[in-house]
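Visitor: Have a look at this one before I ask anything.
The values are calculated or read from the model by the stated rules, or taken from the named source; none is laboratory data. This structure is a prediction, so every number in the text was calculated from the model and none was measured. All Cβ positions, glycine included, derive from the backbone under ideal geometry; neighbour counts span all protein chains shown. The protein model used for the area step is the full one, side chains on, heavy atoms only, and it has no ligands, DNA or RNA in it. Shrake-Rupley method; radii C 1.70, N 1.55, O 1.52, S 1.80 Å.
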Amino acid sequence: MSRYKVTVIKGDGIGGEIVDEAIKVLDAVTANEDFTITYDECLMGGCAYDITGDPLPQETIDSCMSADAVLFGAIGGEQWDGLPRDKRPESGLLRLRKTLELYANFRPVKVYDQLVDASSLKPEVVRGVDLLVVRELTGGIYFGQPREKGEDTAFNTMVYSKEEVTRIAVQAFEAAMLRDKKVCSVDKANVLEVSQFWREIVEEVSKDYPEVSLSHMYVDNAAMQLVRDPKQFDVILTSNLFGDILSDEASMISGSIGLLPSSSIGGKVGLYEPIHGSAPDIAGQGIANPIATIASASMMMRFAFKKADIADKIDSSIEEFLALGYRTKDTASFGAKEVCLTTEVGSIIAEICCR
Ligand code: IPM
Ligand code: MG
């Protein structure tokens, strides 16, 4: 019987609550399979800093390095905001991404039919949206050197190498080949040299994918187009910072930021996490929406373990859950027959999975 090891990082805020539900679903859906999953729970973020003085303890890195996949909740919280940058929870996550070489971040935005009314946009604008943000995750302004915070000035630098742009572009084109064969590369080439460079390299890579149509869009326009007509997009290829911003924006197309999963790959082991944060304002209340994390666990099954049938089962169970009228508080005003607590969501989806 094969065994998979998953490093579980619950993190801060609602992290533990949502990850527990994903594990509940994974346990249920894999109960009768010919493999087992063992979970190794590790610390990262503010909780890790509080206990060890480091937001990313070496132990956590070691566990991830020897795992088959990493399942992650969320990190951050006001109580750590005053810390020096390298001690902040976010630094833990950024260092983990860099250490695991997770340069490619996939953020699919799908609108659940049952939730079209939950979007802040009109139903006819969002119904049927199915796009994928491919975000570069280990370069750009997040990591660019030099960086400095001085007395009178501060700066960061947006740096991309040819290799970095090439490999993320390849990921976007490969993803597009399995979808509608459209890549829209988003940059700010009317102002930034780094974006002009990005554009040239994306053009180069596109020559290897004659079937995929490539367009370019400035990021300000893309932000507008995403709410004007999101259905025009298939794959959005973009840099670290632009992808961070556009994926939060895109999440509202689906009705709640609590719905969108993500996967990050590049190195030996992939990381699966919801795109949202640790929501300290609702932590501990049992009302967080764990669907994004459950859907991230599904991505883990699909991409890390190549278990498409199991992933399909999880995905269809989430849809069934919504179709039956179950909602969490974030989407409670939209077609809810019953508003569930976080722990009920995992139990019900797990039960649907096993039917
Ligand atoms: C995300 C988050 C992170 C990021 C933060 C927590 C560092 O916003 O995954 O989108 O900016 O990448
Ligand atoms: Mg973000």
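Visitor: So Ser256 clears everything in (1) among the polar types (S, T, N, Q); (2) in contact with a Lys or Arg (Cβ under 9 Å, 6 or more places away or on another chain); (3) over 14 Å from Gly73 (Cβ atoms) except one condition, right? Which one?
Guide: The one condition Ser256 does not meet is (2).
Visitor: Ok, one more. If you take the residues of the range 95-114 that are surrounded by 20 or more Cβ atoms within 10 Å (Cβ to Cβ) and in a helix (DSSP H, G or I), which of them is farthest from ligand 1 (Cβ to nearest atom)?
Guide: The qualifying residue farthest from ligand 1 (Cβ to nearest atom) is Gln114.
Residue-by-condition table, conditions (1) touching a helix residue (DSSP H, G or I) at 6+ places or on another chain (Cβ under 7 Å); (2) within 15 Å of ligand 1 (Cβ to nearest atom); (3) within 21 Å of Ser120 (Cβ to Cβ):
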| position | (1), (2), (3) |
| --- | --- |
| Glu273 | yes, yes, no |
| Ser278 | yes, yes, no |
| Asp281 | no, no, yes |
| Ile314 | yes, no, no |
| Glu319 | no, no, no |
| Glu338 | no, no, no |
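Visitor: How many of the residues making up the range 217-245 are more than 16 Å from ligand 2 (Cβ to nearest atom), open to solvent by 50 Å² or more (accessible area, probe 1.4 Å) and under 22 Å from Ser161 (Cα atoms)?
Guide: So the count comes out to 1.
Visitor: Output the helices (runs of 4 or more DSSP H) that fall wholly within the range 7-89 and possess 1 or more residues being within 16 Å of ligand 2 (Cβ to nearest atom) and open to solvent by 10 Å² or more (accessible area, probe 1.4 Å), or say none.
Guide: none
Visitor: Another question about this same structure. Can you find, within the range 295-335, the residue that is surrounded by the most Cβ atoms within 10 Å (Cβ to Cβ) among those that are part of a loop (DSSP other than H, G, I, E, B) and of a type in the set (Lys, Arg)?
Guide: Checked the range 295-335; the qualifying residue surrounded by the most Cβ atoms within 10 Å (Cβ to Cβ) is Lys307.
Visitor: Looking at Ala288, Ala304, can you tell me which residue is touching a Gly at 6+ places or on another chain (Cβ under 8 Å), within 19 Å of Ala74 (Cα to Cα) and not acidic (Asp, Glu)?
Guide: Going through Ala288, Ala304 in turn, just one is touching a Gly at 6+ places or on another chain (Cβ under 8 Å), within 19 Å of Ala74 (Cα to Cα) and not acidic (Asp, Glu): Ala288.
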